[in-house]
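The values are calculated or read from the model by the stated rules, or taken from the named source; none is laboratory data. Computed from a predicted model, the values in this text were never measured in an experiment. In case anyone asks, the SASA skips ligands and DNA or RNA and just uses the protein heavy atoms, side chains included. Shrake-Rupley method; radii C 1.70, N 1.55, O 1.52, S 1.80 Å.
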Amino acid sequence: MNRRSAKSEGMPKGGSAPRLDHVGVAVADVAAALRLYRDLLGLELVGTDEVPEQGIRTHHLKLGEAELELLEPTDPEGPIGKFLAKRGPGIHHVAFRVADLDATAKRLAAAGCTPLGEPSRGAQGKRILFFHPATTGGVLLEICEVR
Ligand code: CO
């Protein structure tokens, strides 16, 4: 395999590298999901949050330096409620923690990735922004910034 420089074009010099923040999983049955991830796999449940604007309750399980984010719909008409109705439970999105959300969003948008709306408050008070999977190789991509 041809190894390329780790420094990518357009990346800010000296900026801290992004890391995996969490993987979001849409769940229809939270008790079953907690049984699997917490009770059988041994992940620690570190918090639960409500995001009424998105119609979800989130359950955060520590997974190394990252988290597993269980997404439970509180509104069947919200994005997770609709996702479950259409596709059933499963992996919903992958979230990268970046040092500068606005600069990263600008770089992605300039390269043709389509943001879904404007940056907003996600679970745990993070600033988040999603990008449409049709423009990111089929992955619903979230970038988040922790202040
Ligand atoms: Co997320």
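Here are the numbers for the structure shown:
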quantity	calculated
Heavy atoms of Lys62: accessible area, 1.4 Å probe, square angstrom to 10	100
Accessible surface of the chain, 1.4 Å probe, proportion on carbon and sulfur as whole %	55
Beta bridges per DSSP with both ends in segment 18-145, % antiparallel, nearest 5	75
Backbone HN-Hα couplings from phi across segment 90-96 [Karplus 6.51/-1.76/1.60, Hz, Gly and Pro as x]	x, 4, 10, 7, 10, 10, 9
Distant-in-sequence amide H partners of Leu116 (H built 1.01 Å from N, under 5 Å)	Phe130, Phe131, His132
Leu41, Leu20, Leu68, ranked by accessible area, largest first (probe 1.4 Å)	Leu41, Leu20, Leu68
Lysine pairs in the chain with Cα atoms under 21 Å, if 8 or more residues apart or on separate chains	4
Cα-based convex hull, segment 33-72, per residue volume (Å³, whole number)	55
Viscosity 0.692 mPa s, temperature 37 °C, Stokes-Einstein D of the chain from Kirkwood C-alpha radius, µm²/s	202
Cα gyration tensor category, rounded, prolate or oblate, for segment 88-144 with a/c compared to 1.5	oblate
Rounded accessible area per residue of the chain, 1.4 Å, Å²	61
